[in-house]
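Okay, so here's the structure we're looking at.
The values are calculated or read from the model by the stated rules, or taken from the named source; none is laboratory data. Being a predicted model, the structure only gives us computed values, none of them experimental. Cβ placement follows ideal geometry from the backbone for every residue including glycine, while neighbour counts extend to all protein chains displayed. These accessible areas exclude ligands, DNA and RNA; they are computed on the full protein's heavy atoms, side chains included. Shrake-Rupley method; radii C 1.70, N 1.55, O 1.52, S 1.80 Å.
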Amino acid sequence: MLRTPRQIRWAQAALAVFVLASWELLPRFGVIPRLFVPSLSEAIGALYEYRAEYLAHLPATLVEILVSYVIACGGGVTLGMLIASSPRARRMALPVLRSAYAVPMVVLYPVMMVWFGLGMGSKVAFATVFAFVPTLLTTVAGVASLSPHLLETARAFGANRWQRILYVQVPASLPTLIAALRLGGALVIVGVTVAEMLGAVEGLGFLITRHRTLLNSPGVYGGIILVLLITSAHEVLLRRLEQRVQKFRES
Amino acid sequence: MTQSAVSARAVTQNFTVEGQSTLALDAIDLEIPPGQFVALVGPSGCGKSTLLSLVAGLRLPTGGTLLCNGEPIVGPVPQRIGMIFQEANLLPWLTAVENVAFPLKLRGMPKRERLEAARAMLDLTGLGNFADRLPHQLSGGMKQRVSIGRGLVQDPGVLLLDEPFAALDEQTRMVLGDEVLRIWARTGKTVMFVTHNLSEAVYLADRIIVFSARPGRIVDDVPVDLPRPRTFSMMSSERFGALKDRIWAHIRDADH
């Protein structure tokens, strides 16, 4: 069992079918109360029933994710690259950042609502703060795991600091950059959704909370499915990127 | 008097690791005339690679002066000094020819020009047909040929080789040794060659500098009076053996 890639694919498909079937059947036969978990078909039905509402709220969530992604992941990776390139900066900044990492950022959300209001501003601010430091730390850790030989070679051939970052450090750490984006992106999606659930006037998280308040479980799960789809789309994009990078890693 | 290509005057190097200071090089004096092929040998950790990285300008000595063509070395000057490392250290995402062209890219040379120059270098190192391969598609010896091409591409007067063949098998080592000699004979560069292999040192060099164990000091300066071109059969000659014995005696003594 599970030897060839084909067998593994079959097993994966079987597992997926099992999970989806359980989701459909367990609530249907009363094993799980429908208020806790409505069946899959009910959730999809709700998705269809409230489609106009979901579609109206989806853009806000996507825009918030996109903007936070650019700021948190772009900024985290860029700053991480700069810090990693200098031993002195690493020694100075890393202890502070690691402590920052330990702060449960969600306690800041009420403050951010006061600062940035109930609209997109507070969602972007929270998701950015939530994802920035982990992205940065993953980037630094990735760069630190690189062999110093390539950088030393580049230095021997006259590369200045910027050239070393641009021509050696960044391309050499692309695989770990993808790991940083995977983590950062997931945290951005979590951050936006959580912020919308805690206090907002639009977005998928807002809808999920509203349906929950009305005890409309299928509506809640419809929203959850949409959030999962966003997460999956992010993962698919990263896989694509990973495959393009992979071809140089065979050595 | 002709000016030395490389001069070391009372060069001292200290390393401080966790508050512990170690003397790696102790007052090294060395004059290398232009065009000479010098091998540096000595027990492991004797500082010969350290001296090379100082000449390359990768770090500054704790004390003393290093000069290249009479000018102080204060940082890497790749146009004057080319470096070839033990591991080829090629950038894995660049093809062979792009790797060779890399130092020219750092200098801002336009793409077409630098790739043309790099192709010529690959032809010289016998790898013209593999220009567009990625490093992981090349054997160890081929990678090192790319690395040699990269060291030569700016036509530096001085070439530093830090145990360039240590990771290769014996046959590849012999072939590449001849290759380096051929390139050296054709270009007349000054060569500093660090090696653990005494036969390799005697076979290649005009002159062998023998280092003591740490702290590194020069304990012997051996002129190699074998005729050129060097041939494989010379390695079994009496003179070759005598030179090797003389060097080996120092290294054995240093190990106590």
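Points worth noting:
- Only helices enter the 222 nm calculation for the protein assembly as shown: every DSSP H run of n ≥ 4 contributes -39,500 (n - 2.57), and dividing by all residues gives -17500 deg cm²/dmol, rounded to 500.
- Rel. contact order, % - alpha carbon contacts under 8 angstrom, at least six apart, region A:39-250: 30
- Dividing the C-alpha radius of gyration of the protein assembly as shown by 2.2 N^0.38 Å, with N its residue count, gives 1.34.
- Crossing angle, helix A:40-49 versus chain A [Cα axis fit, 0-90 degrees, rounded to tens]: 90
- Of the solvent-accessible surface of region A:1-61, computed with a 1.4 Å probe and all protein chains present, 73% belongs to carbon and sulfur.
- Springs between Cα atoms under 10 Å define the GNM used for chain A, and in it the highest mean-square fluctuation of A:Thr231, A:Thr138, A:Thr153 occurs at A:Thr153.
- Among the listed pairs B:Lys143/B:Lys244; B:Lys111/B:Lys143; B:Lys48/B:Lys111, those beyond 32 Å (Cα-Cα): B:Lys48/B:Lys111
- Working value for chain B: equivalent-ellipsoid semi-axes of 29, 23, 17 Å, each the square root of 5 times a Cα gyration tensor eigenvalue, largest first.
- Rg over Rh for region B:1-101 works out to 1.01, using Cα positions for both radii and the Kirkwood form for Rh.
- Stokes-Einstein diffusion coefficient of region B:167-212, Kirkwood radius over Cα pairs, 10 °C, 1.306 mPa s, in µm²/s: 138
- Overall dimensions of region A:15-80 as given by Cα atoms, namely Rg and Dmax in Å: 18.3, 53
- Accessible-area ranking of B:Val97, A:Val103, largest first, probe 1.4 Å: A:Val103, B:Val97
- Between B:Arg182, B:Arg228, B:Arg145, the GNM of chain B built on Cα springs shorter than 10 angstrom shows B:Arg228 fluctuating the most.
- Reduced Cα scattering model of region A:39-250, Debye log10 I(q)/I(0), q = 0.08, 0.15 Å⁻¹: -0.35, -0.95
- Here the simple spin-label model places points 7 Å from the Cα toward Cβ, and for B:Ala166 and B:Leu23 these points are separated by 2.4 nm.
- Taking only the Cα atoms of region A:1-159, the radius of gyration and Dmax are 23.5, 72 Å.
- Contact surface A-B: accessible area buried, both sides summed, square angstrom, 1.4 angstrom probe: 1900
- Accessible area (Å², per residue) of region A:1-110, counting only protein heavy atoms and a probe of 1.4 Å: 67
- Whole-percent carbon and sulfur share, accessible surface of chain B, 1.4 Å: 51
- Between the beta carbons of A:Ala52 and A:Arg244, assuming R0 = 35 Å, the FRET efficiency works out to 0.40 to the nearest 0.05.
- Paramagnetic reach from B:Gln79 in region B:102-134 [backbone N under 16 Å; point 7 Å along Cα→Cβ]: B:103-110, B:114
- Spatially, region A:135-193 and region B:1-45 are offset by 35 Å when compared through their Cα centroids.
- For region B:109-136, a reduction of at least 40 Å² in accessible area between the chain on its own and the assembled protein chains (probe 1.4 Å) is found at B:His136.
- Longest exposed-site-free window of chain A, the sites being chymotrypsin sites (Phe, Trp or Tyr not before Pro) in a DSSP loop that have at most 11 other C-beta atoms within 10 Å: A:37-251
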